[in-house]
Every structure is written in structure tokens, then in C-alpha cells.
Amino acid sequence: MQGREDAQRGYLDVEALAGELLVPGSVFAFLAGHRGRLFPDSMMEDLFPSRRGRPSVPAPVIGSVLVLQALQGLSDRETAEALTFDLRWKAACGYGLTDTAFHPSTLTYWRRRLAASENPHRIMEAIAEVIAETGVLKDKRRRAVDSTVLDDAVARQDTITQLIAAVRRFGREVPGGQDLVAAHAKGYDYTRTGKPDIAWDDQDAKDGLISVLVTDALALLAAVDPATLEGKAADAYALLALVAGQDVEPAEDSDGTDGRWRIARKVAPDRVISTVDPDARHAHKTQSRQQDGYKAHIVVEPDTGLVTAAALTKAAGEGAADAEAGAMLLEQDRTVTGGVQVLADSAYGTGELLRALAAAGHTALIKPKPLARAIEGGFTIDDFTYDRQARTLTCPNGLVRTITAKGYVTFGAGCTGCPLKSRCTTATRGRKIDLHPEHALMREHRTAARHNSFQDHYTRHRPMVERSIAWLVKNNRRLRYRGTTKNHAWWQLRIAAVNLKRLLKLGLTSEQGSWGIA
């Protein structure tokens, strides 16, 4: 049943005894005075439809605890200890001097209740309602988008480790799985612990083990009809199928039917890197910086530093690209009521995003993607004259060619003997250009980006999103949970906590029952 906070303070209530010691304008002081209004008992009633059972933790308390936990980046055990021994926590949550915290597992219980509800991010929404009521974002016509990579909570596994782990999970989760493993996966002893006993510096030995493991995996997959599986069993089957295919290829001079396999000489673009956390991915934020984990995306109002929309996705694969996620978040941002200036780095400079922003009435202040050059120091596509109406492209030497319906332009024999060829192409058959479907829009955007007004707005307002990300990831670069859903929920909580702290810095006040900015 839903617990309720007693309005009458106890004799040893910490806020009553030493509330003046709390730093004015801090999150602790704010929650001590306003937790009941921010997180009223009615906020969590739908999580406990039954009136039976022991009362749960009151909504004002659990809301405050989850915000403070996300703000300070504590584990569940560390959070329970802080609530027991830290007077600031006690004051913020209405605890008495001698009160002890609930068991750490209570926080797991609450997260599961919230995740299973129709509104799992209600704490984030409660802070968003405060932001809306203050009017601090009224008439703010800019938004900045960006992303960062957060490290996952598990270790990367090599292909052999993943195959063995996936077979073991198949045996645990699929009905009759242990019998199936015993009958069809006889190439390796999946009950033994530790790494396989092979010469790891011997490529033939590794390929031999890979062949055995893949053959066992394919035999298990063939022994079960996936249409009959559901829940964890279906997930185990799908994971085994994925792991058995993503990193391997038939051995040289083999088609795989003879049971000879090897580790593929390429990397799958959406590669699972751990069977412990199948959602974790390799991340390539830059060519020199590679991480394993998830990608966290945000939309920020640059004048205030408040995050107005956010999501956490896999670090690679569908929905993870910066431009794709940015378009989704800008569409979901409920604080945007009309056209705004959208500031972003070149990762967001795709033709698709530019088209989406134009359709929504937004202005793109996005750093253009660098243009490719066929020859170092040579011509770029912008050195060719583009006529949208005539559908022609004119090269720097004045040669005019028609653009095909599919966007191709071929200069061919016209490049022969051209005095500018050494700066244009090395192709013996002449220059061939494939225009992007949004070439006209991207070209217009690059032209606009050269103007001083664009540069002034970009350099003045873009840095705030970097600062906001720094606040969000401080001491929280490594995630604590597994899976996109749980880590997305944590990201929403973290943003709610940092937004509340930012609101207080901006002068959040409560007068006559209304939130405002001093």
C-alpha cells in the first residue's frame, strides 16, 4: 500500500533541529522545504492500487531520495547509508536524528514499480512542470543538441567467451535447454569454468575452437522452433543466433557446410560486445576516441543551461546516430512551441536533419560537415556551379553536364586534357559525382554558415551544451545498470536532479503557491 508522510514533525526532526545549517539555495534546503509539493503522495498512488500490505516509503521521501542519489551518483547501499548518517539527507527527506534508512533493495523495488508503470519518468516530469511554471524558458528561441558516450557497466567479451556464454544461457532459459545442449552441443564442455585450455597464440587452435563452438550453436538453433519461444527463452535464442553470426565467417576455401569457421576479418557495424549486457555497443565518437557503452543525447536551452529533452540509446545501430536522435528529441521537446534556432556540431549536419528542421520551421545553426576532396588541396563540390532549375553542374573549367534523375553527374571524356584535372580527379575515365538528395539544401546551408552572423551566434551560444554535458557526466561517466531501458531511466533521473540544481542557481522561488525565478 502507499505510504504517506506524517505532516507533524518528530521531536528529533533534523530539519527542525538544524535546518539553518543547510546551505541556502542548495538541493538539500529546497527538498527540506518543498518535497511534499514537488512529490505529493498522489504522485505515486497508481503504483500501489491495493490498500493491503505494509505501507511503502512515502512519495515525498522516495522522490527526494532518488533525486539526491542521481545528483550524487551513489549506489543503492551508499544511498541508504547517506540517509542514515548524513544530516543533510535526513533534513531533505524529513527524517529524525535517530531514524535509519530503509534497506537498499527498496530502491530496486521502486525502480521496478516505476519502470512497469504507464509513466516511468514522472520524477523528470515533475521537475519539467516546475520549469514550465516558472516561465524561465518563455520566449527562448534557441536549442542546442549534442551527445556523449557513457561507459557500460560490464567488460567487453571476445568472440569465444560470447559463444560459450550464449550457449550456457540457451541451456538455462530455453525449456529443456540442458538436455538440448547435452544432445546437440558435444564439441565443448559448457559446464567447465575458466577460459578454454588452448594455445591462444596459435591461430589454428583458435579457429578450431571457433569451428566447434559455431557448429554447436547452429545445431542448437536448428533443434528448436523459435516461434514456440517467448520471453527470456526467445531472448536467449535470439542472442545465440546473433553471436553465432556476427563475428564469424567460413574458413578459407569453405562455405561453412563442412563445419570450418574462423573469426571474421571485419567488425559487424552493430556488434554485441557482451552477453551480460547485449545492448552495449562499440562507440566511435571520433576516430581517435573509441569506447564501449551507450550514447546519451540531450537538447539544451543555451541561455539557462536547462535540459529540455533527453534520451539514452545504444552507442551504435538504429536510432543511435546523432542527427537521427537529435531530430527525434527536438520533435519531443514540449518546451518548443514554434520555430527555434538549432545549434549543433557537424555530426548533425546531415541533409535529412536539415530537411526536418526546415519542415518544422526551425533555423539550422549547425556546423557543416567537412567537404571531401578527391585530391588533397583540390576542388570540392562547392567549386562546381550548381543550377537547380536547369539541373546542371558546371566544373571549374566550365564544362556543363546534366544531373541524372538519380543524382549522378559524369564528366567523362571532357576531363581528358583538362588543365585543371590534377586538382580535380585521378580517375582515368574522368570525374563522376554522386549528389546527395538534399544537395541543394546542404549547399545553401554551407553558404549561410560562411556569414559572420552565423559564426557569431554559433560561437556565443553553442558552448553551453558542452557545459551542460560536463555537469551531467561529472563522476557519472560509467553507468551502473545493464540494458537501454534501465540506463535511460537513470539518465532521466540524472537530468531531473541537475535541472533542479540549475533552477536553484537561476533563483527558483515559491511564492503564494507558485514557482518563479527571482
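The values are calculated or read from the model by the stated rules, or taken from the named source; none is laboratory data. Keep in mind that this is a model prediction, so the values were computed, not measured. As a convention, Cβ positions derive from the backbone with ideal geometry for all residues, glycine included, and neighbour counts pool all protein chains shown. All accessible areas refer to the heavy atoms of the entire protein, side chains included, with ligands and DNA or RNA removed. Shrake-Rupley method; radii C 1.70, N 1.55, O 1.52, S 1.80 Å.
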- Task: Give the residues of region 77-124 that are closer than 14 Å to residue 18 by Cα, open to solvent by less than 50 Å² (accessible area, probe 1.4 Å) and not aliphatic (A, V, I, L, M), sorted by residue number.
- Result: 86, 89, 90, 93, 94, 95, 96
- Message: Can you tell me which condition residue 393 does not meet? The list is (1) in contact with a Pro (Cβ under 8 Å, 6 or more places away or on another chain); (2) in contact (Cβ under 8 Å) with a residue 40 or more places away in the chain, and all the others hold.
- Response: (1)
- Item | First in region 359-386 and within 16 Å of residue 145 (Cα to Cα), second anywhere and open to solvent by 30 Å² or more (accessible area, probe 1.4 Å) and part of a strand (DSSP E or B), Cβ under 6 Å, 6 or more apart | 363/341; 365/341
- In region 446-503, the residues that are open to solvent by less than 60 Å² (accessible area, probe 1.4 Å), part of a helix (DSSP H, G or I) and among the small types (Gly, Ala, Ser): 448, 449, 468, 470, 489, 496, 497
- Message: Looking at (1) over 26 Å from residue 333 (Cα atoms); (2) surrounded by 21 or more Cβ atoms within 10 Å (Cβ to Cβ); (3) out of contact with any helix residue (DSSP H, G or I) (no Cβ under 6 Å at 6 or more places or on another chain), which one does residue 61 not meet, given that it meets all the others?
- Response: (3)
- Please find, within region 26-50, the residue that is nearest to residue 72 (Cα to Cα) out of those that are open to solvent by less than 50 Å² (accessible area, probe 1.4 Å) and in a loop (DSSP other than H, G, I, E, B). 26
- Message: Looking only at region 67-85, filter to residues that are of a type in the set (Gly, Ala, Ser) and assigned to a loop (DSSP other than H, G, I, E, B); which one of those is farthest from the chain's Cα centre (by Cα)?
- Response: 75
- Item | Top-ranked residue of region 208-234 - restricted to ones that are among the charged types (D, E, K, R) and in a helix (DSSP H, G or I), ranked as most open to solvent (accessible area, probe 1.4 Å) | 232
- Flag for residue 364 being surrounded by fewer than 20 Cβ atoms within 10 Å (Cβ to Cβ) and more than 25 Å from residue 481 (Cα to Cα): no
- Query: Residue check, residue 321 against (1) open to solvent by 40 Å² or more (accessible area, probe 1.4 Å); (2) among the hydrophobic types (A, V, I, L, M, F, W, C); (3) within 27 Å of residue 130 (Cα to Cα), all met but one. Which one?
  - Reply: (3)
- Find the residue count for region 391-440, including only residues that are of a type in the set (A, V, I, L, M) and surrounded by 18 or more Cβ atoms within 10 Å (Cβ to Cβ). 5
- Message: Please go through region 235-252 and give me each residue that is open to solvent by less than 30 Å² (accessible area, probe 1.4 Å), over 11 Å from residue 163 (Cβ atoms) and modelled with pLDDT of 90 or more, ordered by number.
- Response: 236
- Query: Of everything in region 189-207 that's touching a helix residue (DSSP H, G or I) at 6+ places or on another chain (Cβ under 9 Å) and open to solvent by less than 40 Å² (accessible area, probe 1.4 Å), which residue is modelled with the highest pLDDT?
  - Reply: 190
